[in-house]
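One structure is given below, encoded as structure tokens.
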């Protein structure tokens, strides 16, 4: 029998650091959906199916609350729009809450109208190079959304007081991120009078819209692998607590972090940033995609075709030259991560005319 991965592959910002996760708490596998995005213009549309521990959850899934009265769940744990219901772009709202009973527990989810932008454009650390604001800031995220990027990539570290915070380098403003509290990091003066943001801020900003997604990179701790895994647990838990699953994909150079994400969430999209694993290994380990630097594809031009043949997505980073951007668009990669999202958006628009 094929494994689940093979099957699946065929709001304000006033509370900045409220969702802390204890470093000693090891998370357990979550009850997840295969999809959280609602197809448009389909009456009675199938949305997704509940999964736990890598298996489809059947029989004991109960819809306890449906704020909009739009959904139904069958005995197989499949979620649909009601048979007479169809959502369109004109349907009011875009995010609809449900509460599901599973055994003795109740779990809340947000199901989101799929009006997300489906282009290859991923803004590297947000849109900051040609826009006001610093990389990995709330401004750079908002800029990427305003530009119409399909996704905004960003980097997450574990602060000294166990808060996931957003920063690319291990140090910022003369402070080592992992040895500095979230409050101290937030006090560092970036452009536009911003400080180092928390993951909570990033997620709460993102879920106010349904056009641009997030590509969340788990950074490898410079202290220990255990800290990396603690960060991974905290990040996945926060994404679920804020019901942001529809918006978030994960990437990492740390293979152990990706395996931990897959253990927690059997259906989320995860991609590996190094090219030291075979495609067969990625598939066997239920990795969703390869996310390699451009020179990996220069060394092996067959990578894209090989990955797509086995159902892996392909992202190339970090591509800034116009000719190279056009080249990878023509090669049919799924995503292109760039510091020049304005240019790539324009090239995609021209290609689609």
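Every number in this text was worked out from the coordinates using simple rules, so none of it is lab data. What you see is a predicted model; the values in this text were computed from it and never measured.
Assorted remarks:
- Helical content of the chain, expressed as a calculated mean residue ellipticity at 222 nm, amounts to -7500 deg cm²/dmol (DSSP H runs of 4 or more residues, -39,500 (n - 2.57) each, divided by residue number, nearest 500).
- The value given for the chain is a Kirkwood hydrodynamic radius of 20.9 Å, derived from the mean inverse Cα-Cα separation.
- One quarter of the convex hull surface built on the alpha carbon atoms of the stretch 305-353 amounts to 3.4 nm², the projected area averaged over directions.
- In Å, descending, principal axis extents of the Cα set of the stretch 85-219: 55, 44, 24
- Considering only alpha-carbon pairs that sit under 8 angstrom and 6 or more positions apart, the relative contact order computed for the stretch 121-352 is 18 percent.
- Reduced Cα scattering model of the stretch 40-113, Debye log10 I(q)/I(0), q = 0.17, 0.23, 0.26 Å⁻¹: -0.63, -1.08, -1.30
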